[in-house]
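I have placed the structure first, in the form of structure tokens, so that the comments after it can refer back to it.
FYI, it's all coordinate maths here, none of it is from the lab. Predicted model, so just to flag it, every value in this text is computed and none were measured. FYI the Cβ positions are ideal-geometry reconstructions off the backbone, even for glycines, and counts take in every protein chain you see.
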Amino acid sequence: VKAALFHGKQDIRIEDVDVLEPGVGEVRLRNAYNGICGSDLHFYDTPETSGVDFSKPHPVTGRTLPQILGHEFSGTVDAVGAGVDTVKVGDRVSVFPMISCGICSACARGQVNVCRVVSSYGTSSASGGLAEFSVVRVKDVHVLPDSVDLKLGALVEPMAVAWHAVRRSGIEAGQHALVVGGGPIGIGIAFALRARGVTDVTISEISPDRLAVLRTMGIATVVDPAAADLGDHLREATGQRGVDVAFDTAGGATGLTTALAHLTPGGCAVELAIDVTPREIVPIHLVLNELRVLGTLAYLPSDFDAVIAAMADGAYNTAAWVDVLTLDQIVPAIDDLRAARRTKVLIRT
Ligand SMILES: [Zn+2]
Ligand SMILES: [Zn+2]
């Protein structure tokens, strides 16, 4: 069966792989959709700084290149291994891709999302979402209700990244939020905020293509900081107070400093960008305003459940921002995503 195998920097090949049999406590999925995300672009373009060390076998799973890519995926249960009684053949599921070690200091605190030796389907596992089939642990599948289709199922993972950040920020209904960067995670934050009753949301974005998409979605006020003064807009929108929470999904030289600059006293800047650009922060600005700066990574299983419940309530849609392509279109899709010509691509597997 077909799979997209990552062999190394700028080298993805569609190849034939064997269909795996599910072992004890595992299920096999007929994969449906898999989202391509910023991490996949990072692996493809600059694996050496991607945060995943592909140069040697993973310390827990022993996996090495080539690796089936894809960690944002949905599918239908096709076979179950011994001892599996919580799902059955035909169930539609979304896959929680991170595999934590269970014993490190982060796992011991319940922060399995920041496990010191985390592995994942699609980066350091025999299976990934960019293949016709996968084998995953039954504990990692979240069954989708009838009202959540398999396309939304593949979006649970990135939407859970955003949901986790929103939940950790402590923002409440009636407060104001700024989202720096209107890519998939910025869009996910706007959906999550709305689902939680936060309706005063401004997204700042500079890509013309993404601005056009955002302006059709109706999920936030959209500001192009190159064309309008973001500070003026936010002062007016918040009655001169500043925003309660600002999320940086963009990174770069200005992402976090932009987030901090527009906070009300006591506000919180939430950093989500996987980015190594140093920025200058003036301590007295944090002190005089008692600001909080919070880093957030990925999600917990409870964030998956919350997103699926919000999807069942109709809080998410795929109109305008999600394109569906096929397995042999992965490399052109990566080129389009890198250039921000597309916002989100799902591969129909
Ligand atoms: Zn991802
Ligand atoms: Zn761990």
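Give, as a single signed number, the net charge of other residues whose beta carbon lies under 9 Å from the beta carbon of His71, with Lys and Arg counted +1 and Asp and Glu -1. My count for the surroundings of His71 gives -3.
Over the Cα atoms of the chain, the radius of gyration divided by the Kirkwood radius equals 0.97; this is the Rg/Rh ratio.
Using the Karplus relation 6.51 cos²θ - 1.76 cosθ + 1.60 with θ = phi - 60°, the per-residue 3J(HN,Hα) values for the range 88-105 come to 9, 3, x, 5, 9, 9, 10, 9, 7, x, 6, 10, 8, 7, x, 10, 6, 5 Hz, with x marking Gly and Pro. The Cα center of the range 208-250 and the Cα center of the range 88-153 differ in position by 33 Å. Taking Cα centre as origin and charging only the Cβ of basic (Lys, Arg, +1) and acidic (Asp, Glu, -1) residues, the dipole magnitude of the range 5-51 rounds to 160 debye. In whole percents, the pair-distance distribution calculated for the range 48-204 from its alpha-carbon pairs, binned every 5 Å from zero, is 2, 8, 14, 17, 18, 17, 13, 7, 3, 1.
Above 21 angstrom, tally the Cα pairs of the range 252-341 and express them as a % of all pairs, no decimals. Looking at the range 252-341, the distances longer than 21 Å represent 60 percent of pairs. Over the range 4-135, the ratio between the Cα radius of gyration and 2.2 N^0.38 Å evaluates to 1.06. In the range 288-337, taking the dipole from charged Cβ atoms about the Cα centre, the farthest positive-side position among Leu288, Ala319, Phe304 is held by Leu288. Each of Gly38, Ala226, Gly174 was placed along the dipole of the chain (beta-carbon charges, centred on the mean Cα), and the one lying farthest toward the positive end is Gly174. Here is how the number arises for the chain: DSSP H runs of 4 or more residues each give -39500 (n - 2.57), the sum is divided by the residue count, and the result at 222 nm is -8000 deg cm²/dmol. For each pair in Lys56/Lys88; Lys2/Lys56; Lys2/Lys151; Lys9/Lys139; Lys88/Lys151; Lys2/Lys88, compute the distance between the two Cα atoms and list the pairs where it is over 27 Å. From Lys56/Lys88; Lys2/Lys56; Lys2/Lys151; Lys9/Lys139; Lys88/Lys151; Lys2/Lys88, over 27 Å: Lys56/Lys88; Lys9/Lys139.
DSSP beta bridges in the chain, what fraction antiparallel, as a percent rounded to 5? Here the share of antiparallel DSSP bridges comes out near 55 percent. Computed about its Cα centre, the charge dipole of the chain is approximately 380 debye, with only Lys, Arg, Asp and Glu carrying charge at their Cβ. For the chain, the residue among Val276, His262, Phe96 whose Cα projects farthest onto the positive side of the dipole built from Cβ charges is Phe96.
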